[in-house]
Every structure is written in structure tokens, then in C-alpha cells.
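S.K.: This is the structure, below, for whatever I ask next.
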Amino acid sequence: MRSSPAELVFTGGPVRTGDGWTTAVAVTGGRVSALGDDVAAQRGPRTEVIDLRGRLLLPGFQDAHVHAVGGGYELGRCHLSEVDTLAEYTRLVAEYARRNPDAAWITGGGWSLEAFPGGIPAAGQLDAVVADRPVFLVNRDHHGAWVNSRALELAGITRHTPDPPDGRIERDHDGEPNGTLQEGAVALVARLLPEPTGEEILAGLLRAQELLHSLGITAWQDALLGRYAGMPDPSEAYLAAAATGKLTARVSGALWWDRDRGAEQIEELVAKRERFRHPRLKARTVKIMQDGIAENHTAAMLDPYLGGCGCSGSGGHRGISFVDPRALGAYVSTLDKLDFQVHFHALGDRAVRESLDAVEAARKANGDRGNRHHLAHLQVVHPDDVPRFAALGAVANIQPLWAAHEPQLDELTIPFLGTERAGRQYPFAALLAAGARLAAGSDWPVTSPDPVQGIHVAVNRVSPGADAEVFLPEQRIELGTAIDAYTSGSAYVNHADDTGRIRPGNPADLVVLDRNPFDGPVSAIADTRVAMTFVAGQRVHTANNA
């Protein structure tokens, strides 16, 4: 008996399946039904045939660490990430305030630390353009906020306000708050922000989904289901989109671990997990932010930060472990036993070690339960900890765009790490050589969500279009390895084992690039664009020139 003809056939170009190479793909009922020479027999009179014309067909990209709804929501606010100077920031803030005269607060973000001396802007710079209403703008990294004097006043922040345990109020020479809030101090103002409506958050999700599909992304792990640093909780928006068929991507959500609480929140996390049961949506992951970022010295380091001169001078400051490492192992062991995956934010070498220690404690307590715990960011990894990833089955969740020389790294990080530690940053090749599994993500809206740009940096260790020195060239990885990190590697993290590879029976989550980057120099990878994106065989994006 002859099977039903394919609805869709790709031919006329190279296909990288994740297991090898082939020349054609057939799709029937939303799934891959044949490869290579077997495709011809599945063509029928109504089969749509897409001629690749030499363009490359890949499994759909998956982002293993993204804040999709937060990014989409910010695109509708005072959006600063497209510019990079104080003058441009204040111009956009002033324009946004004029366009929104009824807004009680001016909110948004995306400013870069390197635009300000020491990465610290001042309230007066905002007061000059908006003094009558409070202004709250998170930075590009979402680990700090820039506020005006009115916002400080409404929050009751004065020279007498103590720093919270997990953050810092930046102050001027007289001890007065200067308008920059770091880490946990952000909440002192963020708690006052007007609640966005459900419609606004859903609009942010749909805006983000359209953008991510245009970049070839068919699935992602949203790294924060909860409230943090002024970003809206995306949970209800995801549930609403899934229930109404508007969620076309496959989404794994990471439930936020409240670092001000302890094990008592685990029962609530279990209940939340039960709500997220949909073919396109699940939430079996818990996100634990173990430290901050190196630029504001909140990344947790084994040794003290240096002074700006490259010498000692930080007063022995080693950053912040947001969750007590003495308790972390017990928390992770309990979550692991309940079959939660744990997604760690671990940027400094001490946070990496504390997170790996917690995974090791869980393995000792429960054995290997296959929960695929993963550590994101990994800016500084001590050499002793590199082999522990493979030994413990912990996935290295990398954000490749960060692994290149740029002002934030060169001016606000390397001088305070020193030569030896600076040489341990983003050790992609070392982790791979030690047997670690790599997954990849963007952390958008921190940096661009474009996987092609991330792949370019992973391979070249130079930002696209930059005339810069290669950053730690020994840590470059091959093009195929970088693509695997954004496809099968992230699918593994997302427990989506029937995606990330083009195999008969797998969902037809596919991306067509406008060229085959394997045919050109690696320096030109970033010139590649996405022509078409498909989820379960349904076209969710077509470029204008496709």
C-alpha cells in the first residue's frame, strides 16, 4: 500500500542533518518522512517543492538561554539597545517621554555599560530630559538599572539606605545615591513599577516570536519564568498563547528560584510545573542565578578582583554568591530528585565551582536521573573545573557573542581580572576537548538573538565586522560544532530529543539559509541570512528575497 504523498519536499541543495549530509528532505504530516534518494518516491501532484538552489538546509536553531518575552516587551518600551552614547540615550528617552505624555513611569532599557565612565551613569543625566516623572532603565545585561532623581525619591533611597545583601547602590563622593543600582538593589525601585497588562505581555511574546522565527529559531528555553529586575513575568502570556494556538515555537520554561527564600518554595515550583503541559510548552526546569556579572564585580570569583591598574585594590572583594553555597547542594539535590532540571547562571569561576559542586551533590544523593542540568554563561572557568562538566553530565550552555574583544570586556572586565584569569574566559574549545556537551544561546535582550552571529563569534572569536584582535584564538571551535550547539545541543538541554536533527519521524523544524557558509571563508559566516523557517512543516517565516 502506497503511503500518502509528502506535503513538502526540499531539493537542490545541501542538507546538514546533524548526523551527516544528504541532498533532499520530504515532510509528511509535519514530520520528516524521507531523506536523500527516498524522497523522490514521496512526491505527489500536490507536493510543494522548494528548490534550495544551493542554499543550506539545517535543523531549526534552538536558543538554550533567552528572555524572549522580556525582549519583546522591551521592544515596545523606551528601547536603547540600537544606540551606544549618552547623547543618543537621552535623546531617545526625551522622545519617548514626549510620545507618551500619560505614562506614569518612563521604562525600558538596553543601555551599555561602556557608554559611561566605570559603567556607572548618573541620575542627573536623566533629570536633564525627564524630571517630572520617574525613569527606570535596565542596562543591556539586566544586572543594573539607571534611574532619575524622581525614581530615587519615590523609592525612598537616600544616603542612609543600606545596600541590600545581594546588590549595591552606587554613590557619589559624598555618599549620595547617584542613580545606578546594581543587582538586588534594582528591586528597590522595580517594586514600584506599574504592572503591565496581560495584553501588553502577550504582545511582547508575539513580537519576540516573530523576530526569533525570522532568525531561524524554532524552539527556545526561556531562562526566567517569574519576576526579576523590572521584567514582566511571562508565564501567563505563554499559557495564553499556547491555549489559543498563537505559540508556534516550542518553548521550555525555566521557573525562577527566589534567592530570598529557601526550600519552602519547591512545593510551589512543582505546582507551577503541572500548569505547563502543552505540546508546545513545558516548564520542568528551575533557574538559579548563582552570581552576577564581572563588569560590576558581582560575578563570584575564587580570588579577589584587581584594581583598575591590574593590581590588588578591590579590598578583597570576590563578588556575590546569591544562593548560599552551603545550602545550594541540598536545594539542587531535592529538585533533582523531583526530576527538575536546574539551569544555573554561573559567570565567575567561584559560581561555576559552586554550581558544579551542587550537581555533584545531587548525583551522589540520587544517582544520574537524566535531568540534564546546565550552567550558562561560563565567563571564567578554573582549569580544575573544566573536566568536571563531562564527569558530572553538566551541559556547558554558552553565549558565544560575548567571546570577543569589545569595550565592555576590554575596559570593564579584563583589567579587573588580570592576565591569568582573563585567559580563562569562555573556554569553548577546552570544554569540548574535555568531553563536555555544548548548548548555545543568546541571553537576548542582553545581546543579539541571531544564532548566525553567535556561530560567527564561536568560530572566529571576533565580533562580526570588527577589526579586532582574535580573543583567545585557542578557544575557537569549528563551524559544524557551533551549529550543533545551536541545534542538537540545545535540543538536548530542552529534553526535545526528537528535534535538533533532521531524521525520519522527527518534527520538521527546519531553517533554510540564504547560502552555504561551509563553502566560504569562516570570516564571512556572519554574512549569512535566514531565508525560511518551518515548525512542524509549517512555514513561520519567509524573507523578502527568498
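Quick note: the coordinates plus some simple rules give every number you see, no bench work behind them. Note that this is a predicted model, so its numbers are computed, not measured. All Cβ positions, glycine included, derive from the backbone under ideal geometry; neighbour counts span all protein chains shown.
S.K.: Between His405, Ser333, Gly36, whose Cα lies farthest towards the positive end of the dipole of the chain when Lys and Arg beta carbons carry +1 and Asp and Glu beta carbons carry -1, centred on the Cα centre?
M.R.: Looking along the dipole axis, the top candidate is Gly36.
S.K.: Okay, next question. What is the mean projected area of the alpha carbon convex hull for the stretch 323-436, to one decimal in square nanometres?
M.R.: Computing the convex hull of the Cα atoms and averaging its projections yields 7.1 nm².
S.K.: Label-point separation (nm) for Glu153 and Glu478, each offset 7 Å from Cα along Cα-to-Cβ?
M.R.: Going from the Glu153 label point to the Glu478 one covers 6.3 nm.
S.K.: Sticking with this one: Explain nothing, just the number: relative contact order of the stretch 198-493, from Cα pairs under 8 Å at least 6 residues apart, as a whole percent.
M.R.: 13
S.K.: Beyond 23 Å, how much of the Cα-Cα pair distribution for the stretch 305-390 remains, as a whole percent?
M.R.: For the stretch 305-390, the fraction of Cα-Cα distances above 23 Å is 27 percent.
S.K.: Next up: Counting only DSSP beta bridges with both residues in the chain, tell me the antiparallel percent, nearest 5.
M.R.: 45
S.K.: If you line up the long axis of helix 198-214 against the longest principal axis of the chain, both from Cα atoms, how many degrees apart are they, to the nearest 10?
M.R.: 50
S.K.: Per 5 Å bin, what is the whole-percent P(r) computed from every C-alpha pair distance within the stretch 198-493?
M.R.: It works out to 1, 5, 12, 16, 18, 17, 14, 10, 5, 1, 0, 0, in whole percents.
S.K.: If you don't mind, there's one more thing I want to ask. Would you please calculate the Kirkwood hydrodynamic radius of the stretch 105-190 over all C-alpha pairs and express it in Å, rounded to one decimal?
M.R.: So the Kirkwood estimate lands at 12.5 Å.
S.K.: With the dipole of the stretch 198-493 worked out from charges on the C-beta (+1 for Lys and Arg, -1 for Asp and Glu) around the Cα centre, which of Ala365, Leu225, Pro473 lies farthest toward the positive end?
M.R.: So the residue furthest toward the plus end is Ala365.
S.K.: Also, quick follow-up: Placing +1 on the Cβ of each Lys and Arg and -1 on the Cβ of each Asp and Glu in the chain, which of Gly500, Leu86, Ala263 has its Cα farthest towards the positive end of the resulting dipole?
M.R.: Gly500
S.K.: Starting from the Cα-Cα distance between Asp497 and Ala327, subtract it from 0.36 nm times their residue separation and give me the gain in nm to one decimal.
M.R.: 58.0 nm
S.K.: Sticking with this one: For the stretch 198-493, with only Lys/Arg (+1) and Asp/Glu (-1) charged at the beta-carbon, what is the dipole magnitude about the Cα centre, in debye rounded to 20?
M.R.: In total the dipole reaches around 1000 debye.
S.K.: Report the label-to-label distance for Glu82 and Arg133 in nanometres (one decimal), using points 7 Å from each Cα along the Cα→Cβ vector.
M.R.: 2.0
S.K.: While we're here: What percent do you get for the relative contact order of the chain when only Cα pairs under 8 Å and 6+ apart count?
M.R.: Dividing the mean separation by the residue count of the chain yields 17 percent.
S.K.: How do 486-497, 160-171, 214-225 rank on mean C-beta neighbours within 10 Å, highest first?
M.R.: Sorting 486-497, 160-171, 214-225 by mean packing, highest first, produces 214-225, 486-497, 160-171.
S.K.: Could you tell me the ratio Rg/Rh of the stretch 62-110? Both radii from Cα atoms, Rh via Kirkwood.
M.R.: Taking Rg over the Kirkwood Rh, I get 1.05.
S.K.: While we're looking at this one, here's another question. Magnitude of the Cβ-charge dipole of the chain, K/R +1 and D/E -1, about the Cα centre, nearest 20 debye?
M.R.: That gives a dipole near 1720 debye.
S.K.: Could you order peptides 120-133, 439-452, 143-156, 417-430 by the average number of other Cβ atoms within 10 Å of their residues, highest first?
M.R.: Output ranking for 120-133, 439-452, 143-156, 417-430: 439-452, 143-156, 417-430, 120-133.
S.K.: Under the definition of Cα pairs under 8 Å and six or more residues apart, what whole-number percent is the relative contact order of the stretch 413-537?
M.R.: Answer for the stretch 413-537 is 23 percent.
S.K.: For an R0 of 56 angstrom, estimate the FRET efficiency from the Cβ-Cβ distance between Asp527 and His160 and round to the nearest 0.05.
M.R.: So the FRET efficiency works out to roughly 0.55.
S.K.: Tilt of helix 451-460 relative to the longest C-alpha principal axis of the chain, in degrees (0 to 90, nearest 10)?
M.R.: Between helix and principal axis, roughly 80 degrees.
S.K.: Points 7 angstrom from Cα along the Cβ direction at Asp172 and Val470: gap in nanometres?
M.R.: 4.8
S.K.: If you fit an axis through the alpha-carbon atoms of helix 349-366 and take the longest principal axis of the Cα set of the chain, what angle between them do you get, 0 to 90°, nearest 10?
M.R.: Helix 349-366 sits at roughly 60 degrees to that axis.
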